Amino acid sequence: QRLPSNIQALVQEAKTLYEMSFLDGGEDNDLANEPFHVSTAPGRVNLIGEHTDYTGGYVLPLAIGYGTVCYGRGRVVKTTAGIKCACRIVSSQHAKVVEFEAKLSLLPSDSENKWANYVQGVILQYLPDLANEEETLQLDVAIAGDVPLGSGLSSSASLEVATAVFLESILSDRGFSSYRTKAGKKSGLGDKERKIERALRCQRAENTFCGVPCGVMDQFVSSAGCHDKVL
């Protein structure tokens, strides 16, 4: 299925930003032999039920055409391999590259790079899918979006879910491998269940790492919304 024209433009914008930020005129970095991954996730509007999802009320949201795109490379690496296990992210709306290590002891970024917390928090939610603490993620990701910031269209959820889908592409079959049922049993997930678990992980990232006590509506519709459907 052909991508909408605005999403195609965001992919190109993110690609150009990646090349300017990470390639440094050549393919000599640690991720040079890794394939490129591209993900996107939409913003949302809500027809019914503003500020009721986190109090148990009904909502009726739908995904919109504006969205966020992640473009880049990544891999799972051994922390004992003697290489620099760094994640580097950059946004078209923030010129500075943010670099950090993906580990559970990671602290939120300062006010200048506060936007990065929405990416970092989601990455932490996927670390348990790795085999053990001797594995981590190495990423170079450029991000572009056209969801207006501060407009009530859930640019933060769009960023979180686009990040989550990007990570799932890198992790492949290992994505959601840490999932357990309420009874504590390990279980595989179908497509519907993966969308739900993705939304819950993104909500937890915003609650615990970004300090925003949001409900799950925004992440849910960004993860599971369908064309011409309300949720």
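Tell me which of 42, 59, 93 sits at the most positive position along the dipole axis of the stretch 34-106, charges placed on C-beta atoms (Lys, Arg +1; Asp, Glu -1). Going by the charge dipole, the pick is 93.
For the stretch 51-128, the list of chymotrypsin sites (Phe, Trp or Tyr not before Pro) that fall in a loop by DSSP and count at most 15 other C-beta atoms within 10 angstrom reads 58. In loop segments of the stretch 1-67 as defined by DSSP, the GluC sites (Glu not before Pro) with at most 13 further C-beta atoms inside 10 Å of their C-beta are 27, 50.
Using Cβ point charges alone (K and R +1, D and E -1), the dipole size of the stretch 72-204 about the Cα centre works out to roughly 400 debye. What would the Debye equation give as log₁₀ I(q)/I(0) for the stretch 134-231 at q = 0.11, 0.15, 0.22 Å⁻¹, counting only Cα atoms as equal point scatterers? For the stretch 134-231 at q = 0.11, 0.15, 0.22 Å⁻¹, log10 I(q)/I(0) is -0.37, -0.68, -1.35. For the options 146, 30, 110, a Gaussian network treatment of the chain with springs between C-alpha atoms closer than 10 Å singles out 110 as fluctuating the most. What does the C-alpha gyration tensor say about the overall shape of the chain? Classify as rounded when a/c is under 1.5, otherwise prolate if a/b is larger than b/c, or oblate. In terms of gyration-tensor shape, oblate.
Taking the Cα centre of the stretch 1-61 as origin and assigning +1 to Lys and Arg Cβ atoms and -1 to Asp and Glu Cβ atoms, the resulting dipole is close to 500 debye. Our estimate of slack between residue 174 and residue 32, defined as 0.36 nm per intervening residue step minus the Cα-Cα distance, is 48.9 nm.
Cα centroids of the stretch 169-231 and the stretch 48-106: 13 Å apart. Each stretch of four or more DSSP H residues adds -39500 (n - 2.57); spread over every residue of the chain, this sum gives -9500 deg cm²/dmol at 222 nm. Of the trypsin sites (Lys or Arg not before Pro) in the stretch 121-208, the ones in a loop by DSSP (not H, G, I, E or B) with at most 12 other beta carbons within 10 Å are 182, 185.
Every read-out reported here was derived from the displayed coordinates using simple, explicitly stated rules and does not represent laboratory data. Here the structure is a predicted model, which means the values were calculated and not measured. Positions of Cβ are generated from backbone atoms using ideal geometry, with glycine treated the same way; all protein chains shown enter the neighbour counts.
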